[in-house]
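Working notes, structure below.
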Amino acid sequence: MKPNAAVALLCGGVLGVAVGCGSSAGSTGQGGSSGSTGEGGSGAAGSGVDAGGTTPATVTSVGSGGCTFTLEISTSPNIPTVGIVAWSTTLTDLIEAHVSFGLDASYGMTAPVDLSQTSYRTLLLGMKASRTYHFQVAATNAAGTCTSGDLTLATGPAANGLTPPTITTNNASALYGGFLVTGQFTIALVGGKGGAPAFILDKDGAIVWWYAVAGSDATGVTMSYDGNYMWINGVNVPAGTTHVHRVSMDGLVDEDHSSEFTGLSHQLTVLPDETVAFYAYGSNGCDDIKLRAPDGTVTTVVNARTAHGGTSACHVNGIFYSRMDDTLVFSDLDNNCLTKVTRSGQTVWVLNGGAPNGPTSSFSGGAVIWKGGEHGFHILGLDDFVIFNNNSKQPAGSTASWGSAAGDEMGSLAIEVKLDLGAMTATETWSYQGLGLADDVLGDVQRLPNGNTLIDFATKGTIEEVDASGNVLQQIKSNTNFGYFQKRATLYGPPPR
């Protein structure tokens with residue numbers, strides 16, 4: 001092999017725990033191989049170093065604009081599909097920089113550079129395991145842009161025991177593409193170590209990122225608003241031990257924030273200022289809606305029963321942020337409804353209902369639009385939502401009854417509901433039931449920018465992408481259970497919902 005600057009990580013690891021990592025840039029570690037020197041060069045050809053392990057390979061490249069780049073290139077010891085490029089340049093007063101990367105010199109993916117970072121340290125995210133990637137740094141100041149030569153790095157293997165799901169694609173050209181962020185919600189140990197993992201799939205179904213919090217599942221998996229961290233939480237149903245961790249995207253920083261989220265269940269959502277909205281078991285049998293500020297301070301916004309006006313038990317199972325009006329919307333399974341509240345706790349509206357002793361809908365005189373409960377949903381606008389309707393006969397894990405609001409349990413649905421906020425009416429405008437998969441526990445849905453809809457039949461280990469006509473474009477099938485999910489066009493920047 002004679003790459004321009006190859007860095008190979010020869011490491012067997014299990015879900016974020018590095019084992020047997022070898023460093024081979026001049027030394028041999030357990031599981032590694034001894035390094036050799038490749039052919040060097042400068043300018044467009046770059047500098048050649050053949051290195052293994054996580055010891056950074058130092059490379060000098062004379063850029064196309066007359067500047068010089070000095071780079072340290074490595075992969076993460078914990079997640080060897082994550083490239084780490086730290087660099088400096090003789091070009092001064094930078095106003096923008098980015099790293100283009102891909103499986104060949106046409107690249108295709110772009111990592112933005114945070115110019116406030118020490119050594120302009122940049123992560124290359126979304127790469128497949130055990131492949132060689134090309135990359136190029138571009139730096140810009142007021143006088144123009146200078147680009148490095150074409151450089152390469154080699155990713156390490158996927159974690160032991162981490163098996164990609166089965167992908168069946170019916171119409172590849174109609175798919176949205178991008179990356180799927182999700183996890184496993186049951187505590188099923190993989191490879192005998194760690195917990196059930198959070199992971200990211202690329203458009204081909206390859207696992208390009210993974211991490212497991214020891215002793216926890218990964219029901220809720222969502223990136224921080226700035227894209228630098230992954231929040232991972234366990235399901236915690238029934239109430240038990242809370243597990244909430246914030247993990248850096250290179251897997252090198254694992255912060256345990258569980259004590260700040262006592263009683264959290266299911267999932268959380270991140271607001272633009274990095275505040276985290278969540279729900280936790282309350283003292284009255286109904287969950288409290290809470291906000292965790294970036295400094296760790298936690299405040300209670302409102303109790304779910306107070307917000308929607310029901311009188312029976314509650315089971316909140318989803319919360320999302322409405323950017324359009326700076327509000328929160330939460331799902332209550334037991335009460336078969338969504339409720340919108342301000343960040344100070346005032347109720348804006350209640351949508352749906354019908355459960356005995358439950359709230360009355362603010363729309364259509366209390367009309368029931370869907371039956372049998374719901375979990376995940378996606379806010380499309382002030383008046384437009386897609387909702388995962390479990391369509392169960394009774395609340396999951398409960399002896400309670402929905403009465404006339406009970407579903408028929410003939411299969412869960414993705415539904416779209418449009419609101420008329422003047423007339424206060426609500427109408428189901430679209431639905432997809434698919435193969436009749438009855439998912440009583442969890443479930444999620446997301447409308448994609450190209451009009452497709454992604455549906456997560458969680459306990460059935462099935463995720464489907466369908467078009468507006470309900471044609472199944474792709475099915476992702478696993479022998480385990482999926483948690484909540486998030487489809488992203490890129491692994492950098494704000495979340496899509």
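Here are the numbers:
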quantity	calculated
Test for N352: is it closer than 23 Å to S265 by Cα and more than 27 Å from the chain's Cα centre (by Cα)	yes
Criterion: buried (at least 23 other Cβ atoms within 10 Å of the Cβ) and either of a type outside the set (F, W, Y) or part of a strand (DSSP E or B) (or both) - qualifying residue of S216, S259	S216
Any hit, segment 171-188, residues being among the small types (G, A, S), out of contact with any strand residue (DSSP E or B) (no Cβ under 8 Å at 6 or more places or on another chain) and at pLDDT below 90	yes
Residue within segment 192-210 that is outside the structural domain of L94 (by TED's automatic domain parsing), touching an Asp or Glu at 6+ places or on another chain (Cβ under 8 Å) and not in a strand (DSSP E or B) present	yes
Pick from segment 128-168, criterion polar (S, T, N, Q) and assigned to a loop (DSSP other than H, G, I, E, B), ranking: nearest to I200 (Cα to Cα)	T163
Every residue from segment 397-432 that is closer than 18 Å to F482 by Cβ and within 25 Å of the chain's Cα centre (by Cα)	S412, L413, A414, Y432
Selection status of V99, crowded, with 22+ Cβ neighbours inside 10 Å, in contact with an Asp or Glu (Cβ under 8 Å, 6 or more places away or on another chain) and assigned by TED's automatic domain parsing to the domain that holds F135	no
Residue, surrounded by the fewest Cβ atoms within 10 Å (Cβ to Cβ), within segment 473-486, restricted to residues that are in contact with a Gly (Cβ under 7 Å, 6 or more places away or on another chain) and not aromatic (F, W, Y)	N479
Verdict on I232 being β-branched (V, I, T), more than 28 Å from G282 (Cα to Cα) and either out of contact with any Asp or Glu (no Cβ under 9 Å at 6 or more places or on another chain) or not in a loop (DSSP other than H, G, I, E, B) (or both)	no
Filter result (among the β-branched types (V, I, T) and either in a loop (DSSP other than H, G, I, E, B) or outside the structural domain of L437 (by TED's automatic domain parsing) (or both)) within segment 363-419	V368, I369, T399
Total residues in segment 313-327, condition assigned to a strand (DSSP E or B) and either of a type in the set (S, T, N, Q) or over 19 Å from the mean Cα position of the chain (by Cα) (or both)	4
Subset tally (residues that are in contact with a strand residue (DSSP E or B) (Cβ under 8 Å, 6 or more places away or on another chain) and either hydrophobic (A, V, I, L, M, F, W, C) or under 16 Å from S106 (Cα atoms) (or both)) for segment 128-149	14
Given (1) within 19 Å of the chain's Cα centre (by Cα); (2) surrounded by 15 or more Cβ atoms within 10 Å (Cβ to Cβ); (3) not in a strand (DSSP E or B), index of the condition G310 fails	(1)
Where a residue in segment 457-477 is closer than 12 Å to N170 by Cβ and its partner, wherever it lies, is acidic (D, E) and in a strand (DSSP E or B), with Cβ under 6 Å and at least six apart	V472/E464; L473/E465; Q474/E465; Q475/E464
Sole residue being of a type in the set (V, I, T), surrounded by 14 or more Cβ atoms within 10 Å (Cβ to Cβ) and within 24 Å of P238 (Cα to Cα), chosen from V441, V417	V441
Residue count for segment 419-440, restricted to those that are farther than 22 Å from D456 by Cβ and among the charged types (D, E, K, R)	1
Only listed residue being within 25 Å of V247 (Cα to Cα), at pLDDT 95 or above, under 23 Å from the mean Cα position of the chain (by Cα) and not charged (D, E, K, R), chosen from G83, G108	G83
Sole residue being crowded, with 21+ Cβ neighbours inside 10 Å and among the hydroxyl-bearing types (S, T, Y), chosen from S148, S119	S148
Only one of G366, G397, G381, G376 that is surrounded by 14 or more Cβ atoms within 10 Å (Cβ to Cβ) and either under 27 Å from V270 (Cβ atoms) or not hydrophobic (A, V, I, L, M, F, W, C) (or both)	G376
All strands (runs of 3 or more DSSP E) inside segment 53-127 with 2 or more residues being farther than 25 Å from V181 by Cβ and of a type outside the set (S, T, N, Q)	57-62, 68-75, 83-89, 96-102
Among the residues listed as D295, D288, D326, the single one being under 26 Å from T219 (Cα atoms), charged (D, E, K, R), crowded, with 17+ Cβ neighbours inside 10 Å and without any contact (Cβ under 8 Å) to a residue 40 or more places away in the chain	D288
Qualifying residues in segment 333-348 (those that are in contact (Cβ under 8 Å) with a residue 40 or more places away in the chain and not in a loop (DSSP other than H, G, I, E, B)) - the one nearest to the chain's Cα centre (by Cα)	L338
Neighbours by Cβ (under 7 Å, 6+ apart or cross-chain): first from segment 220-244, over 22 Å from G126 (Cα atoms); second surrounded by 18 or more Cβ atoms within 10 Å (Cβ to Cβ) and among the acidic types (D, E)	G234/D217; V235/D217
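The values are calculated or read from the model by the stated rules, or taken from the named source; none is laboratory data. Worth saying up front: this structure is predicted, and the values here are computed from it rather than measured. We place every Cβ from the backbone using ideal geometry, glycine too, and count neighbours over all the protein chains shown.
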